[in-house]
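Here is the structure we will look at, set down as structure tokens.
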């Protein structure tokens, strides 16, 4: 035997050429790969990068063809590190042995411990005794021995797996849950553990046996199989169970098939399909069942006989080139109650759209067609018009390039077509403008905008045409120029090293002539007028195009605040608007702008770090200071308690379906009564005089542990029966880290 070194030997970044380095290469490439379980890329050896090696002593036995590294052996390669008391390489059999305190640290963060390891250089066969792995995500995998034969799956005997980290106070305490089996097979290609005759343990106590079980030890992008089932309890549908199968068709497309079985209704089937192309993607969802449904007949709730029911929805987008894209969105349903009854969607109006868009620099073109389905079950439901077509083309100049400002042009066309006797409308508009922003030496910030808009309306009068037998289509035009100037004077002062006070008075003056705002021009998109601090200084406070805020007016207000570096703040805003002409006010009653002097509009905001937050918005009558609208949103974190509340009061708005004043309060509370355990309570109460009462309420209990989550929610809706949303529902979810969850889809 020849001693190569009697002192600490280091060989750094050596190519795979000499017999000495064959030792390091064999260990680093093969021994590291087996216990890592996730580092192996296949059954064939791959070219290896250089190896770094260190040991206290290195011996070569020429007669037995053995190379032995002794004492604090450390081998590293490509981010992986092996440590052991002794490593032996047999040149004849090309087998590597690592003995004593064997530790392998993988570059992904996994750490593997074993008493001894043996592996052939070509990685086709190997053996590990008493493996204990701590994976990067905290999971642990143990086995009495691990073997690999003929380059196939890796077999683990007397194995156990848990994603739970040990208890710091008592490391010997059994994990919260785990899986153990005498026979486990690991597939290095799929990164899966496959158990035979497995036992599921909770706190060290076996609670469930399964003859077969399989799961991934890494995030697998795609694999076919059954997903965890979901369960729910609904007072109308009964107890439900939903098994789901996921089909991984190929890397670019997949599908899921679900069957919701109920104790009080016929089953409901659902299919989802998704596909990605090189420059496009598509998603389709459909469901169907055969069941009865509640409906309202002459003010009475009547149960319709069983009938075929279902829905279809989809979306897709196609990027034609770097400037153009096209797509669609669709959602259709058989009846108004279906989506709410089966907890698929809470939408009131379903939207279907086909569109094409073009983007180039600051220019934008959109062409779309839309159709709507109103699924509200109250008298608020209406004949929603189809939009065929809508065309918008907008162009913006370069900032500062035109007389120190920027020009813009927007052209649009809109066609509304109703199915019944409702009014059809065809509208074209052209809007041009120029805007400039300046800051003076005194600190004034001035924004000047000059704009002009031309509208042309074509409105067929269906009723008159049917009576007279003549074409009574009317055409109306409107030209609306305006000048809008907004001046602010932000003033700030540091009141402490971390706190700053700011006050910002603002004055806006709008000059425009009187234009058409009468029945000759239908009002389709400008009915729901709401004003607050965010839109109060706009030139036109109408939300759409059909109505314009003509005549001249002035708007004034002040915002003041105190701001701290830790995120705390206190801010107040108060403003009012005044029209120079008292007659022909275009705004509806209840909007806050229907008088010459508008309502006072205000907002109070306060925040203390991340512990307290309140926002209060209000409108007060300019004559009596009585409240016309106010809304409060507040939240607070008080140790283990998190609360939130929302209060809304608003008066009726003429021309909309809000014919009565509305007042309601909603809120919730979350209390962590024990570490990781939360209790929840929430609800919504209607305070309106003619329709007061509790609208919905929910109770919940959650556990959010390191490797296990549990959540249960009971909720009750007090809406009318024919809405499909009334009733009581109990939801339950149990989630296991790295395995998935069992229970309802959402809480």
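Is it possible to state the helix-based mean residue ellipticity at 222 nm for the chain, with each DSSP H run of 4+ residues giving -39500 (n - 2.57), the sum divided by total residues, to the nearest 500 deg cm²/dmol? What is it? Display every interim value, and only then the final one.
Details: 4 runs with 23 residues, N = 747.
Roughly -500 deg cm²/dmol at 222 nm, from the helical runs in the chain.
For segment 579-689, what is the convex hull (Cα atoms) projected area averaged across all directions, in square nanometres?
Dividing the Cα hull surface by four gives the mean projection, 9.6 nm².
From the list [x] -0.97, -1.21; [y] -0.64, -0.99; [z] -0.74, -1.12, can you say which value of log10 I(q)/I(0) by the Debye sum over Cα atoms at q = 0.08, 0.10 Å⁻¹ was derived from the structure given?
After the calculation, the listed value that fits is [x].
If I take every Cα pair under 8 Å that is 6 or more residues apart in segment 490-656, average their sequence separation and divide by the length, what percent do I get for the relative contact order? Don't skip to the end; give the middle numbers.
Working: 365 pairs, mean separation 28.3, N = 167.
Across segment 490-656, relative contact order equals 17 percent.
Semi-axes of the equivalent ellipsoid for segment 490-656, please: Cα gyration tensor eigenvalues, times 5, square-rooted, ordered largest first, whole Å. Can you show the working numbers first?
On the way: eigenvalues 240, 80, 31 Å².
Largest first, segment 490-656 gives 35, 20, 12 Å.
So for segment 237-337, averaging the separation of alpha carbon pairs under 8 Å that are six or more residues apart and normalising by length, what relative contact order in percent results?
Details: 215 pairs, mean separation 18.1, N = 101.
It rounds to 18 percent for segment 237-337.
Considering the alpha-carbon set of segment 369-462 alone, what are its Rg and its Dmax in angstrom?
In Å, with Rg to one decimal and Dmax whole: 20.1, 61.
So what is the relative contact order for the chain, in percent, with contacts set as C-alpha pairs under 8 Å and at least six apart?
Over the chain, the number comes to 6 percent.
Taking the Cβ-Cβ separation of residue 560 and residue 624 as r and a Förster radius of 35 Å, what is the calculated FRET efficiency to the nearest 0.05? Before the final figure, lay out each step's value.
Details: r = 26 Å, r/R0 = 0.73.
Working from the Cβ atoms, E equals 0.85.
Suppose R0 equals 51 Å; then what is the FRET efficiency for residue 456 and residue 676 from their Cβ-Cβ distance, rounded to the nearest 0.05? Before the final figure, lay out each step's value.
Working: r = 64 Å, r/R0 = 1.26.
Result of the calculation: an efficiency of 0.20.
Distance in nm between label sites at residue 604 and residue 308, each 7 Å beyond Cα in the beta-carbon direction?
It works out to 6.0 nm between the two label points.
Using a 7 Å offset from Cα along Cα-Cβ at residue 479, what residues in segment 426-453 end up with backbone N under 18 Å from the label point?
Only 428-434, 450-453 pass the distance filter.
Zone of residue 491 (label point 7 Å along Cα→Cβ, backbone N under 17 Å): which residues in segment 541-575?
Within reach of a label on residue 491, which here means backbone N under 17 Å from a point 7 Å along Cα→Cβ, segment 541-575 contributes 557-563, 572-574.
Only the coordinates and a few stated rules stand behind these numbers; no lab work does. From a predicted model like this one, the values you see are computed outputs, not experimental measurements. Using ideal geometry, Cβ is built from the backbone for each residue, glycine included, and neighbour counts are taken over all protein chains shown.
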